[in-house]
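Structure record follows, encoded as structure tokens.
The values are calculated or read from the model by the stated rules, or taken from the named source; none is laboratory data. For clarity, every value in this text was computed on a predicted model and none was experimentally measured. Cβ placement follows ideal geometry from the backbone for every residue including glycine, while neighbour counts extend to all protein chains displayed. The protein model used for the area step is the full one, side chains on, heavy atoms only, and it has no ligands, DNA or RNA in it. Shrake-Rupley method; radii C 1.70, N 1.55, O 1.52, S 1.80 Å.
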Amino acid sequence: KINDAAVVSTPNDGNTSVNRKHRLAYDVERVVQEHLTYVREEISDGWDLIHQEGEMKVYRREVEENGIVVDPLKIFHSIKGVTGHEICHYFWDYRYRMEWETTLDSTKIIEVLEPDTVIFFQMHKRVWPAAQRDSCFWSHIRCISNSEEDQPTWLVVNYTTPHHLAPIKSPHVRLVANVALICETIINEPPLNIQDIKRENIECKLTYVAFVNPGGWVPSAALRSVAKREYPRFLKRFTSYVLEQTRDKPILF
Ligand code: 6CM
């Protein structure tokens, strides 16, 4: 039974200088700021809408580096009944991961850098005929207050890092990921009293971006077709999971 613990991040104005508390603090800050800048960029030429379902739109840009497909992917979605905090909480917290992520054999935390920043080692399910992939990345959750009136923005960033407890061992291939989930909460028809906000009044606008290098050659067409199928599947399953988990719980703003 999963016990819903309090969430670790506290509001932050997004402009504070980095208080260097752990060895990866500057790396975390740099990547978080890059995502916050990038998320505001409009979809432009070169991006293809590869999947649309309800409010979900999946875009991809076809890019190869040294013959390896590294297509950036961007998904926009809007989910009624949950907050950005709830979505990010269930995405970041390892205790729920194996309940919604179907493409993993295992996930484990190999280091806790801070209560809001941990390092994961994951074994991905093998997709024939490619070699099995693993990944090692820091994962950071953050709450950013934009103003007194607006709901804060929540985000999670997962970014590849090497670690002595996760050496690369053949035949596994290490994939390289830079993934961000950025969420805003909208309150529709806000009641006069904040305590009267119900789940029907809330909506989460999310952006999910992924830059993944499979870390070695895989057939381009096969990889693109796996990505086209699996990313929408993941987001549908994950958001349904969060809706199910939160339905009868107090709203986590
Ligand atoms: O973002 C997702 N999950 C996070 C928590 O696990 C984390 C994961 C990042 C890595 C995602 C990479 C998957 C790509 C695997 C490619 C393997 C090669 C296949 C060869 C085919 C011929 O950020 C959700 C990730 C959802 C992925 C569909």
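Descriptive notes on the structure:
- Applying the criterion of being small (Gly, Ala, Ser) and more than 22 Å from the chain's Cα centre (by Cα) to the residues of segment 127-176, the residue that is nearest to TYR26 (Cα to Cα) is SER147.
- Residue in segment 86-93 that is over 29 Å from ARG224 (Cα atoms), at pLDDT 95 or above and away from the ligand (no atom under 14 Å from the Cβ) present: yes
- One residue stands out in segment 30-56 among those that are free of Cβ contacts under 8 Å to residues at least 24 places away in the same chain and part of a helix (DSSP H, G or I): the one that is surrounded by the fewest Cβ atoms within 10 Å (Cβ to Cβ), namely THR37.
- Taken over segment 64-83, the residue count meeting the criterion of being under 14 Å from ALA210 (Cβ atoms) and open to solvent by 40 Å² or more (accessible area, probe 1.4 Å) is 1.
- Selection status of TYR59, out of contact with any Gly (no Cβ under 6 Å at 6 or more places or on another chain), within 16 Å of the ligand (Cβ to nearest atom), open to solvent by 30 Å² or more (accessible area, probe 1.4 Å) and of a type in the set (Ser, Thr, Tyr): yes
- Condition check for VAL212: near the ligand (Cβ under 8 Å from one of its atoms), open to solvent by less than 30 Å² (accessible area, probe 1.4 Å) and under 23 Å from ARG61 (Cβ atoms): no
- Some residue of segment 22-31 being in contact with a Phe, Trp or Tyr (Cβ under 8 Å, 6 or more places away or on another chain) and either at pLDDT below 95 or closer than 21 Å to PHE238 by Cβ (or both): no
- Close pairs (7 angstrom Cβ cut-off, 6 or more residues apart or separate chains): open to solvent by 100 Å² or more (accessible area, probe 1.4 Å) in segment 225-237, more than 8 Å from the ligand (Cβ to nearest atom) and modelled with pLDDT of 95 or more anywhere: ARG237/TRP100; ARG237/THR102
- Cβ-Cβ contacts under 6 Å between residues 6 or more apart (or on different chains), taken from a first residue in segment 199-211 that is in a strand (DSSP E or B) to a second residue that is charged (D, E, K, R), are listed as GLU203/LYS80; LYS205/GLU184; VAL209/LYS74.
- Only one entry in GLU200, GLU230 is within 16 Å of the ligand (Cβ to nearest atom), over 19 Å from TYR38 (Cβ atoms) and of a type in the set (Asp, Glu), namely GLU230.
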